[in-house]
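J.: Before I ask anything, let me first share the structure, which is written out below as structure tokens.
The values are calculated or read from the model by the stated rules, or taken from the named source; none is laboratory data. Keep in mind that this is a model prediction, so the values were computed, not measured. Neighbour counts are summed over all protein chains in view; Cβ atoms, including those assigned to glycine, are modelled from backbone coordinates with ideal geometry.
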Amino acid sequence: MVYNEAVLLPVWLRHYAAQCGAQNCFVVDHGSTDGSTASDRVGNASILRIPRSPQDDPRRAAAISELCASLLRWYEAVVYTDVDELLLADPAEHRSLAAFASELAPDTVVTAAGLDIIHRPDTEAVLDWDRPVGGQRRWLRFSSAMCKPSLIRRPVSWAPGFHCIDAPPAFDRLFLFHLRYADLATGLQRLRGTRIQDWASPEAGAHQRMADADWEGMLRRMAGLPLVEAEDALRPSDERLAFWLDQVRQSAETRRHDQYKIDLHLSGDQLWRLPDRFVSVL
């Protein structure tokens, strides 16, 4: 679901067209005015155009939940991600996201391991979005907020932000790469847009209305975390990843009756190098 995403929508379309075919991609256009969702710019993807309205995350989550449930009448599996989220099954084990989904049992919901792609602005150039991201950004930070139940084979009701459903997380070699922090300049540009758009309430979207200096400071603090390289990164034997996924699971044990079933504030204290096997598919 997008509004004036001329930079990131082409990246999203390129990624998911490669993973499951452009004809199977659906974009909900929430009143874009920048031409980014024009038919000559989205190829074979389907566009559902809805009227522009104030940003209302509960309404949005409910609508997308219903849309994805209807798509399950035609597809065996459905993925929902935001425009700055690239979902991948481990390329060492699956040739594509579609191939991964086809092997899942009916009624399965898979939670992705959430990873922020971090721009280190003192050592890395401005990102060229016309080129693959994986060749330009190589450092990741674990984020429980990005551990989203993104792939479904049964209808679900997502909580606002798509962080949770009415079930605990179920991880299965699926990874969500989050682009919000992948480029300082782009992040600030998007922040200026979300800061001035209409919101359903004064409290909504505070993290998308930060001051530029606060957001840049946050990114630079993440960029300054210790760097770790490991041969088994993001593999089943990766003890660092296993530790954080266990933290997410444990947080769910005390949140069974909460709207958000996990602690959304578990953040890695290191930057992990993006494994080579992911570079060519990001």
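J.: Since residue 259 meets every condition but one in (1) under 24 Å from residue 165 (Cβ atoms); (2) in contact (Cβ under 8 Å) with a residue 12 or more places away in the chain; (3) not in a loop (DSSP other than H, G, I, E, B), which condition does it not meet?
T.: Failing condition for residue 259: (3).
J.: If the requirement is being among the charged types (D, E, K, R) and not assigned by TED's automatic domain parsing to the domain that holds residue 264, which of these qualifies: 40, 107?
T.: Working: 107 fails: not assigned by TED's automatic domain parsing to the domain that holds residue 264.
From the options 40, 107, the qualifying one is 40.
J.: A follow-up question, please. Could you list, ordered by first residue, the pairs with Cβ atoms under 6 Å in which the first is in region 177-196 and among the charged types (D, E, K, R) and the second is surrounded by 20 or more Cβ atoms within 10 Å (Cβ to Cβ), at least 6 apart or interchain?
T.: Between residues of region 177-196 that are among the charged types (D, E, K, R) and residues that are surrounded by 20 or more Cβ atoms within 10 Å (Cβ to Cβ), the close pairs are 180/84; 183/119; 183/127.
J.: I would also like to ask the following. For region 69-97, what are the residues that are assigned to a helix (DSSP H, G or I) and either in contact with a Phe, Trp or Tyr (Cβ under 7 Å, 6 or more places away or on another chain) or surrounded by 13 or more Cβ atoms within 10 Å (Cβ to Cβ) (or both)? Reasoning before the result, please.
T.: Filtering region 69-97 down to residues assigned to a helix (DSSP H, G or I) leaves 69-71, 97.
Answer for region 69-97, where residues must be assigned to a helix (DSSP H, G or I) and either in contact with a Phe, Trp or Tyr (Cβ under 7 Å, 6 or more places away or on another chain) or surrounded by 13 or more Cβ atoms within 10 Å (Cβ to Cβ) (or both): 69, 71, 97.
J.: Among the candidates 192, 153, 180, which residue alone is among the basic types (Lys, Arg), closer than 27 Å to residue 15 by Cβ and at pLDDT below 95?
T.: Details: 153 fails: at pLDDT below 95; 180 fails: at pLDDT below 95.
Exactly one of 192, 153, 180 is among the basic types (Lys, Arg), closer than 27 Å to residue 15 by Cβ and at pLDDT below 95, namely 192.
J.: Could you check residue 113 against (1) assigned by TED's automatic domain parsing to the domain that holds residue 157; (2) more than 22 Å from residue 245 (Cα to Cα) and say which number it fails?
T.: (2)
J.: Continuing with the same structure: Checking residue 251 against (1) assigned to a loop (DSSP other than H, G, I, E, B); (2) more than 28 Å from residue 121 (Cβ to Cβ), which single condition isn't satisfied?
T.: Only one criterion is unmet by residue 251, namely (1).
J.: Related question: Filter region 21-41 down to residues that are hydrophobic (A, V, I, L, M, F, W, C), surrounded by fewer than 19 Cβ atoms within 10 Å (Cβ to Cβ) and out of contact with any Ser or Thr (no Cβ under 6 Å at 6 or more places or on another chain), then give me how many there are.
T.: Taking region 21-41 first, the residues hydrophobic (A, V, I, L, M, F, W, C) are 22, 25-28, 38.
Now narrow it down to the ones that are surrounded by fewer than 19 Cβ atoms within 10 Å (Cβ to Cβ): 22, 26, 28, 38.
In the following step, the residues that additionally are out of contact with any Ser or Thr (no Cβ under 6 Å at 6 or more places or on another chain) were identified as 22, 28, 38.
So the answer is 3.
J.: Something else about it: May I ask you to list pairs of residues, at least six apart or on different chains, whose Cβ atoms are under 6 Å apart, with the first in region 220-233 being in a loop (DSSP other than H, G, I, E, B) and the second being not small (Gly, Ala, Ser)?
T.: 225/270; 225/271; 226/270; 229/273; 232/238; 233/272; 233/275
J.: Further question on the same structure: When the residues of region 243-269 are narrowed to those that are surrounded by fewer than 14 Cβ atoms within 10 Å (Cβ to Cβ) and not acidic (Asp, Glu), which ends up nearest to residue 119 (Cα to Cα)? So that I can check it myself, show each step before the final result.
T.: So in region 243-269, the residues surrounded by fewer than 14 Cβ atoms within 10 Å (Cβ to Cβ) come out as 243, 246, 250, 253-254, 256-259, 265, 269.
Remaining after also requiring not acidic (Asp, Glu): 243, 250, 254, 256-257, 259, 265.
Details: 243: 24, 250: 30, 254: 34, 256: 35, 257: 37, 259: 32, 265: 20 Å.
Applying the filter and picking the extreme gives 265.
J.: Wholly within region 102-204, which strands (runs of 3 or more DSSP E) include no fewer than the required count, namely at least 1 residues that are among the β-branched types (Val, Ile, Thr) and surrounded by 20 or more Cβ atoms within 10 Å (Cβ to Cβ)? If you could, list the steps in order and put the result at the bottom.
T.: Working: elements: 109-117, 139-142, 149-152, 171-178.
Qualifying strands (runs of 3 or more DSSP E): 109-117, 149-152.
J.: When you look at residue 245, is it in contact (Cβ under 8 Å) with a residue 40 or more places away in the chain, assigned to a helix (DSSP H, G or I) and touching a strand residue (DSSP E or B) at 6+ places or on another chain (Cβ under 8 Å), yes or no?
T.: yes
J.: Can you tell me which residues in region 195-226 are modelled with pLDDT under 95 and of a type in the set (Gly, Ala, Ser)?
T.: 200, 201, 204, 205, 206, 211, listed by residue number.
J.: Another question about this same structure. Can you pull out every residue in region 187-243 that is among the β-branched types (Val, Ile, Thr) and within 30 Å of residue 57 (Cβ to Cβ)? Show your work before the answer.
T.: Looking only at region 187-243, we keep the residues that are among the β-branched types (Val, Ile, Thr), and these are 194, 196, 228.
Residues satisfying the conditions are 194, 196.
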